[in-house]
Structures are given as structure tokens and as C-alpha cells.
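Each remark here refers to the structure printed beneath this line.
The values are calculated or read from the model by the stated rules, or taken from the named source; none is laboratory data. Predicted model only: the values in this text are computed from it and were never measured. Cβ placement follows ideal geometry from the backbone for every residue including glycine, while neighbour counts extend to all protein chains displayed.
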Amino acid sequence: SQQGEEDPQALSIQEGENATMNCSYKTSINNLQWYRQNSGRGLVHLILIRSNEREKHSGRLRVTLDTSKKSSSLLITASRAADTASYFCATDGGANNLFFGTGTRLTVIP
Amino acid sequence: KAGVTQTPRYLIKTRGQQVTLSCSPISGHRSVSWYQQTPGQGLQFLFEYFSETQRNKGNFPGRFSGRQFSNSRSEMNVSTLELGDSALYLCASSLAAGANVLTFGAGSRLTVL
């Protein structure tokens, strides 16, 4: 399977703390994306990082990519209760569609 | 502008029946992709349509089919429903075909009894 895996599967933190989740994938990629999904809803695109980039920022989000280790991390700083959701990484794996990881369920406690 | 619209949002069917789900992409988006999401298998790619042509297909049986109309709206159909088809079916659109940034709809939750 080309599906990535997120780690940890679940994460619970206090509001104001930082949250870090990791994604590992199996094949070479052109880019890697992160999406957020609120319970039972559609996914929302957060950020895209290309294979030739090592780090990217967007607001409170910081994404890193290490293609040699086939891994990426998503850092959410100063978390808020509204950040409670599942987070998925998605890769193209050289194909013409996205393969989504298994997701990290983040709970931010007010 | 309006987002991706999926109908119906919820539906209940029985084994052996068929179901048709509809997706209206963002205006101007010509690519529509479908994903199945279940607790056990996660998000799995079903197929992608671009300019009324199926460009890519995931590893699903022939009971799963789809089509795209000239206005880019898409439908997917599942025939001879099985219990394991119970899932959240997500539609996503993008400007171009391929592994691009996707805009998802809220999904259609199918329950098969």
C-alpha cells in the first residue's frame, strides 16, 4: 500500500501547548500535503510542501519534510480548542492521485 | 464562491440495493475525485474524472462506478450493496487533474443494513 502512516494515532494536549504529529510514507513523492478533518466532515487542505522544500510555514502551522527518511512533521503552535480534529498527510507517491495516511486525532483541552 | 456540494448527506439502504451519490464541484474546477472513508481502511481513492473522462481508478470492484457530466458535476453509483460499503463517501474537486490540492465536500454517509 502507498498509504502513509501518522504518528501518534491520538494526541491530547492543553490549550496553548504545541502539537506535533508525524507522517511516514513509502514511495518517492512530488509533494506532500496536510489536511484537517473535523468529526464526520470533509477534509480541509492546510498546506503543501514540495519534495525540494525542507520546511514551510503557514500561520501557526510549520511543516517539515525529510525525503531521505520519507517523513514529514506538522507542528501546530499555541493550540486552540478549535484545532481539535483529525489530521492527515497525503502523498502522490508518483501516481496521479493522492494517498492519505491513517490520521492523527488531536484533542485540545480548553 | 460555493464549495463542493454533495447530496444526499445521509442515506440508509439495504443489502442488494443500489445507490447514486451526487457531487457538484467548485465552479471552474474540472476534476472530481471520489474517496471512501471507513474506520478500518481509512481514506481510499475510488476514481477521478476530468472533462467527462475517468482518468484514474482505485482498487475497488466493478460495483463501484461513476461518471462526469459536461458541467463537471459527477455521480458515483454502487450496485448490489454490501454491509461493508457502509462509509463516508467524499467528493473532492480541483482545477486540474492529478495529485493536486483538493477541495472536499462534506460527504455522503451511507449506511447499509
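Checking the structure you have, find out if any residue of segment A:41-57 is part of a loop (DSSP other than H, G, I, E, B) and either at positive phi or under 14 Å from the mean Cα position of the chain (by Cα) (or both).
No, that holds for no residue.
Would you point out the residue of segment A:46-105, among those that are among the basic types (Lys, Arg) and within 13 Å of chain B (Cβ to nearest Cβ), that is surrounded by the fewest Cβ atoms within 10 Å (Cβ to Cβ)?
Within segment A:46-105, the subset among the basic types (Lys, Arg) is A:50, A:54, A:56, A:60, A:62, A:69-70, A:80, A:105.
Next cut, within 13 Å of chain B (Cβ to nearest Cβ) only: A:50, A:105.
Values: A:50: 11, A:105: 17.
Once the filter is applied, the top-ranked residue is A:50.
Restricting attention to segment B:75-101, which residues are modelled with pLDDT of 95 or more, assigned to a loop (DSSP other than H, G, I, E, B) and buried (at least 19 other Cβ atoms within 10 Å of the Cβ)?
B:81
Give the number of residues within segment B:20-52 that are assigned to a loop (DSSP other than H, G, I, E, B), under 17 Å from residue A:100 (Cα atoms) and not small (Gly, Ala, Ser). Even if it seems obvious, please write down each step before you answer.
Of all residues in segment B:20-52, those assigned to a loop (DSSP other than H, G, I, E, B) come to B:25-30, B:39-41, B:51-52.
Narrowing further to those that are under 17 Å from residue A:100 (Cα atoms): B:39-41.
Those left that are additionally not small (Gly, Ala, Ser): B:39, B:41.
Within segment B:20-52, residues that are assigned to a loop (DSSP other than H, G, I, E, B), under 17 Å from residue A:100 (Cα atoms) and not small (Gly, Ala, Ser) number 2.
Out of everything in segment B:26-44 that is touching a residue at least 60 places away in the same chain (Cβ under 8 Å) and more than 11 Å from the chain's Cα centre (by Cα), what residue ends up being farthest from residue B:86 (Cα to Cα)?
B:28
Right, residue B:47: within 14 Å of chain A (Cβ to nearest Cβ), closer than 16 Å to residue B:24 by Cα, surrounded by 13 or more Cβ atoms within 10 Å (Cβ to Cβ) and under 13 Å from the mean Cα position of the chain (by Cα) or not? Break it down stepwise before answering.
Numbers: within 14 Å of chain A (Cβ to nearest Cβ): yes; closer than 16 Å to residue B:24 by Cα: yes; surrounded by 13 or more Cβ atoms within 10 Å (Cβ to Cβ): yes; under 13 Å from the mean Cα position of the chain (by Cα): yes.
Yes, satisfied.
Within segment B:53-63, how many residues are under 20 Å from residue A:43 (Cβ atoms) and either more than 12 Å from chain A (Cβ to nearest Cβ) or assigned to a strand (DSSP E or B) (or both)?
2
Pull up segment A:58-90, narrow it to residues that are part of a strand (DSSP E or B) and without any contact (Cβ under 8 Å) to a residue 24 or more places away in the chain, then point me to the one that is nearest to residue B:91 (Cα to Cα). Spell out the reasoning first.
Applying the first criterion (part of a strand (DSSP E or B)) to segment A:58-90 yields A:58, A:61-66, A:71-76, A:85-90.
Those left that are additionally without any contact (Cβ under 8 Å) to a residue 24 or more places away in the chain: A:58, A:62, A:64, A:66.
Values: A:58: 25, A:62: 27, A:64: 28, A:66: 30 Å.
Among those that are part of a strand (DSSP E or B) and without any contact (Cβ under 8 Å) to a residue 24 or more places away in the chain, it is A:58.
Can we say residue A:24 is surrounded by 14 or more Cβ atoms within 10 Å (Cβ to Cβ) and of a type in the set (Gly, Ala, Ser)?
Spelling it out, residue A:24 is indeed surrounded by 14 or more Cβ atoms within 10 Å (Cβ to Cβ) and of a type in the set (Gly, Ala, Ser).
Suppose we filter segment B:1-21 for residues that are within 20 Å of residue B:82 (Cα to Cα) and either surrounded by 16 or more Cβ atoms within 10 Å (Cβ to Cβ) or of a type in the set (Ser, Thr, Tyr) (or both); how many remain?
6
Quick one: in segment A:1-17, of everything that is part of a loop (DSSP other than H, G, I, E, B) and over 13 Å from residue A:106 (Cα atoms), which residue is modelled with the highest pLDDT?
A:16
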